[in-house]
1. Quick check on the chain: helices-only [θ] at 222 nm, where DSSP H runs of length 4 and up contribute -39,500 (n - 2.57) each and the sum goes over total residues. Nearest 500, please.
2. Using only Cα atoms, figure out Rg for the chain and give it as a multiple of 2.2 N^0.38 Å.
3. Mind checking the angle between helix 96-116 and the chain's longest principal axis? C-alpha axes, 0 to 90 degrees, to the nearest 10.
4. Relative to the first principal axis of the alpha-carbon coordinates of the chain, what is the inclination of helix 264-292, with its axis defined by its Cα atoms, in degrees from 0 to 90 and to the nearest 10?
5. Express the accessible area of the chain per residue in Å², computed with a 1.4 Å probe while the remaining protein chains stay in the model.
6. Given a Förster distance of 51 Å, report the FRET efficiency between residue 109 and residue 34 from their Cβ-Cβ distance, rounded to the nearest 0.05.
7. What aspartates and glutamates does residue 251 reach when the alpha-carbon gap must be under 18 Å and sequence neighbours fewer than 8 apart in one chain are set aside?
8. Below 8 Å between Cα atoms, with a sequence gap of 6+, how large is the relative contact order for the chain in percent?
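The values are calculated or read from the model by the stated rules, or taken from the named source; none is laboratory data. From a predicted model like this one, the values you see are computed outputs, not experimental measurements. All Cβ positions, glycine included, derive from the backbone under ideal geometry; neighbour counts span all protein chains shown. Keep in mind that these areas ignore ligands, DNA and RNA; they rest on the heavy atoms of the full protein, side chains included. Shrake-Rupley method; radii C 1.70, N 1.55, O 1.52, S 1.80 Å.
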Amino acid sequence: MKILDWYILKRYLGTFFTMILLFIPIGIIVDLSEKIDNMLEHQVPLDAVIAYYLDFTVYFANLLFPLFVFLSVIWFTSKLANKTEIIAFLSSGVSFWRFLRPYMIGAIIICFGALAMGLFLAPKASQGFNEFKYSYLKKGKKVQETKNVHRQLNDSMFLYANNFKPLEKSATNFTLEYFDGNRLKTKISARRIVFKDSIYELSDYVKRTILENKDIIEKAKTKDTVLPFNIDEFTPVTYVAETLNYAELSKFIKKESKRGSSDINRYKVVAYKRWSIPVSAFILTIIGVAVSSMKRRGGMGVNLAVGISLAFVFIFFDKVLGTLANQSDFPPIVAVWFPNISFGILAIYLLYNAKR
């Protein structure tokens, strides 16, 4: 690798990690200032707070990864442009495409880092982050459906519960129905169901088996039995997709699709973003170079203003379309990839004009 490549690559990666080290403590301080009263009120243990902010660091970095990349590129490239270093590089016979190569190498390194974080580290951090929030700071806030729960477990099995209590692992007015096509074959009902030691305890148990010529009814005051589902499958928590690694998430989405889950779009948005965030970092690198490689009147301030404006437009599209997909039938893949595609086209246009 040439001296030029090392010079730019070190500046790129160094500025990027410096940006993370600067912004994450600021994010922690802002978050702590907002939550300190709640933490003291609920007497949150110190070790839980420390674990929360370790998870917060990964969660925050993964969430704003593309923005850190974008601002880093604009910052140090603008400094190169203001010192006329870029003009010196190009005047020495280096083509613009050759000048761009170390940026692409750096973007590839960062993209693989973002991919590894999104697939493996961020899910675990998200679980700790959300569990702390709902355990200590938002006690009692609804995090999953608990009233009049209807679930399709597979093509032939449906369950219903009037009142589901996740912490107690119990539900009332429980019904489990088995169908053969459109024909009801078996119906199990109970006034209350409790999950204990890998089995279910059903109170006021009634099982009705429907045959061609008669019905067989079995009753018991209490009955311990094994049922083909986990108590957690009643209603997953709203953030469940964020806590699964990619393999687990893919299986979860297939299972929920078969069940006809109303939150399937939410889960798909999370899955697609695992891949779109690294790609967006690559695209924003190109835009950052194109915007800031020219020396402008007004210096770095103009480049930063343009860059931050583009970053907020990107975030706006990402958040609005993601929310639209979560709450409607808007295709999740379009919602997640539209910002990358549109900004990819913008990157090509800006790069072409910057080269000229």
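1. After summing the helix terms and dividing by residue count, I get -20500 deg cm²/dmol.
2. 1.31
3. Taking the Cα atoms of the chain, the angle to 96-116 is about 20 degrees.
4. It is inclined by approximately 0 degrees.
5. Each residue of the chain exposes 54 Å² on average to a 1.4 Å probe.
6. It comes out at approximately 0.90.
7. 155, 232, 233, 242, 263
8. 19 percent
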